[in-house]
Amino acid sequence: MQQSSELSYVHPSSTSPWGTYLSQVDRVVPYLGHLGRWAETLKRPKRALIVDVPIEMDDGTIAHFEGFRVQHNLSRGPGKGGVRFHPDVTLEEVMALSAWMTVKCAAVNLPYGGAKGGIRVDPKKLSQNELEKMTRRYTSEIGLIIGPHSDIPAPDVNTNGQIMAWMMDTYSMNTGSTATGVVTGKPIHLGGSLGRVKATGRGVYVTGREAARRLGLPLQGARVAVQGFGNVGSVAAELFAEAGARVVAVQDHTGTLVNEGGFDMPALMAHSRRTGGIAGFGAGEQVDNEAFWDVPTDILIPAALEGQISAERARRITARLVLEGANGPTVPQADDILAERGVLVVPDVICNAGGVTVSYFEWVQDFSSFFWTEDEINQRLDRIMVGALEHIWNKADEHHIALRTATFAVACERILAARQERGLYP
């Protein structure tokens, strides 16, 4: 009996997050061989939890927020994945992000499955007191399924070390012991790891450096455009600038700036931290947001939200190399257009895996209560990222397929081999 892979509780379109993920899975099935019989496993999350998050606001009113935690696949280890606070969070988005985490962890061969969480809220509209209340209530609600050996949350969009500290404390209070390993991305003095804050951006840089070398694209003088100037985009831009590249265009939620001579990255980062965005930075021309996609560049780093590179934008991109700092920034049709145009895309599931890799280091350090230096962290990260990318590139060359399909092939082989060897219980 052939079962449909359509789930009753989500209704994805071809360009929505879950629809994009399903398309990516369909493309990899022909390369899975005998493991293909397990492919349906990849199209169904293991567990999806929807919770109500009620809190008393500062004015005495009661507000309710939608919260989610999805564990996509736990065949290779406990769930791992961030928590985002954003007004556009939906169950479908969290499902897709958890699935991409499954693939990402397997692509760099970490002993994790994929998970993700989120609350449908604009955190900028909450006071610090309200934010803490919401975080703690959400943690208590999802405490049923998270834990150091079952599912380990981390920071994502609009969450940070402070949020992780509250989550760790709440879980610890509920279980009666200090459980530093329940989350990663924590402050250093609560069992956090050196190098974690910059890890995702560093991973984007390391994979970009290797891809540019294969393309014969010198980083010295290369023009870089970055969409999203948060933790990932700003760090990647900073490292490319240090390597001699010129960051000529930057876009965030406050606008788009262009500077053909290249931005002074330390100054721009300081301005963004001080004011909450890039708007108002003097050394750059403010242009329309849509004009960002037309700026002449060699390297494009989409590091904002998913679904940003549409088919129409893919036809306008001038870069030779696209480094996906965000999760799911390129829709499938745009992927095909970029491939036809000879643009190399380093996909999110390897490009931005630096964050989860150092999260793994943090988790290991928490269990051993022995911590490494930042140099040791960066060296280990570099070695894992370069090795994983090389393995993926060999798979791409072997089958003459795009890096995204090759990454999924490497990852899905590992996931489904684990599923097959474990078998079905009961």
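The values are calculated or read from the model by the stated rules, or taken from the named source; none is laboratory data. None of these values were measured; they are calculated from a predicted model. All Cβ positions, glycine included, derive from the backbone under ideal geometry; neighbour counts span all protein chains shown. Accessible surface areas use protein heavy atoms only, side chains included; no ligands, DNA or RNA. Shrake-Rupley method; radii C 1.70, N 1.55, O 1.52, S 1.80 Å.
Key figures
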{"read-out": "Residue that is open to solvent by 40 Å² or more (accessible area, probe 1.4 Å) and assigned to a helix (DSSP H, G or I), where the choices are Asp366, Asp336", "value": "Asp336"}
{"read-out": "Which listed residue is acidic (Asp, Glu) and in contact (Cβ under 8 Å) with a residue 24 or more places away in the chain, from Glu92, Glu6", "value": "Glu92"}
{"read-out": "Single residue of Ala291, Ala283 found to be over 30 Å from Glu390 (Cα atoms), open to solvent by less than 40 Å² (accessible area, probe 1.4 Å) and over 22 Å from the mean Cα position of the chain (by Cα)", "value": "Ala291"}
{"read-out": "Region 193-231 - residue that is among the small types (Gly, Ala, Ser) and surrounded by fewer than 18 Cβ atoms within 10 Å (Cβ to Cβ) and, of those, nearest to Ser272 (Cα to Cα)", "value": "Gly221"}
{"read-out": "Subset of region 376-419 (residues that are hydrophobic (A, V, I, L, M, F, W, C), surrounded by fewer than 21 Cβ atoms within 10 Å (Cβ to Cβ) and either at positive phi or part of a helix (DSSP H, G or I) (or both))", "value": "Val386, Trp393, Ala396, Ala417, Ala418"}
{"read-out": "Matching residues, region 85-103, being of a type outside the set (S, T, N, Q) and open to solvent by 10 Å² or more (accessible area, probe 1.4 Å)", "value": "His86, Pro87, Asp88, Leu91, Glu92, Glu93, Met101"}
{"read-out": "Qualifying residues in region 252-280 (those that are open to solvent by less than 40 Å² (accessible area, probe 1.4 Å) and β-branched (Val, Ile, Thr)) - the one farthest from Asn158 (Cα to Cα)", "value": "Val258"}
{"read-out": "Residue count for region 155-194, restricted to those that are farther than 17 Å from Ile142 by Cα, touching a Lys or Arg at 6+ places or on another chain (Cβ under 9 Å), in a loop (DSSP other than H, G, I, E, B) and modelled with pLDDT of 95 or more", "value": "4"}
{"read-out": "Test: residue in region 147-168 that is within 23 Å of Ile384 (Cβ to Cβ) and of a type in the set (Val, Ile, Thr)", "value": "yes"}
{"read-out": "Close pairs (9 angstrom Cβ cut-off, 6 or more residues apart or separate chains): open to solvent by 40 Å² or more (accessible area, probe 1.4 Å) in region 144-169, modelled with pLDDT under 95 and among the β-branched types (Val, Ile, Thr) anywhere", "value": "Asn160/Val197"}
{"read-out": "Filtered residue count, region 302-320, keeping only those that are out of contact with any strand residue (DSSP E or B) (no Cβ under 7 Å at 6 or more places or on another chain) and crowded, with 23+ Cβ neighbours inside 10 Å", "value": "2"}
{"read-out": "Total residues in region 199-253, condition part of a loop (DSSP other than H, G, I, E, B) and under 18 Å from Ala326 (Cα atoms)", "value": "4"}
{"read-out": "Residues satisfying the stated conditions in region 16-32, i.e. of a type in the set (Gly, Ala, Ser) and outside any loop (DSSP other than H, G, I, E, B)", "value": "Gly19, Ser23"}
{"read-out": "Any hit, region 125-144, residues being closer than 15 Å to Met57 by Cβ and assigned to a loop (DSSP other than H, G, I, E, B)", "value": "yes"}
{"read-out": "Search result, residues across region 296-331 that are of a type outside the set (Asp, Glu), more than 20 Å from Asn231 (Cβ to Cβ), part of a loop (DSSP other than H, G, I, E, B) and at pLDDT 95 or above", "value": "Pro296, Thr297, Ser310, Arg315, Arg316, Ile317, Thr318, Ala319, Arg320"}
{"read-out": "Residue list for region 119-143, filter: open to solvent by less than 70 Å² (accessible area, probe 1.4 Å) and among the basic types (Lys, Arg)", "value": "Arg136"}
{"read-out": "Looking only at region 170-192, and only at residues there that are among the small types (Gly, Ala, Ser) and either more than 22 Å from Val94 (Cα to Cα) or surrounded by fewer than 24 Cβ atoms within 10 Å (Cβ to Cβ) (or both), the one that is farthest from the chain's Cα centre (by Cα)", "value": "Gly176"}
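Rundown of residues vs (1) under 16 Å from Ile145 (Cα atoms); (2) open to solvent by 20 Å² or more (accessible area, probe 1.4 Å); (3) modelled with pLDDT of 95 or more, yes/no style:
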site	(1), (2), (3)
Met1	no, yes, no
Leu35	no, no, yes
Ala39	no, no, yes
Leu42	no, no, yes
Phe65	no, yes, yes
Val70	yes, no, yes
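To keep it simple, each residue is scored yes or no on (1) within 26 Å of Lys186 (Cβ to Cβ); (2) of a type outside the set (S, T, N, Q); (3) not in a helix (DSSP H, G or I).
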residue: Val53; (1), (2), (3): yes, yes, yes
residue: Gly67; (1), (2), (3): yes, yes, yes
residue: Val70; (1), (2), (3): yes, yes, yes
residue: Gly81; (1), (2), (3): yes, yes, yes
residue: Ser98; (1), (2), (3): yes, no, no
residue: Met101; (1), (2), (3): yes, yes, no
residue: Lys104; (1), (2), (3): yes, yes, no
residue: Leu110; (1), (2), (3): yes, yes, yes
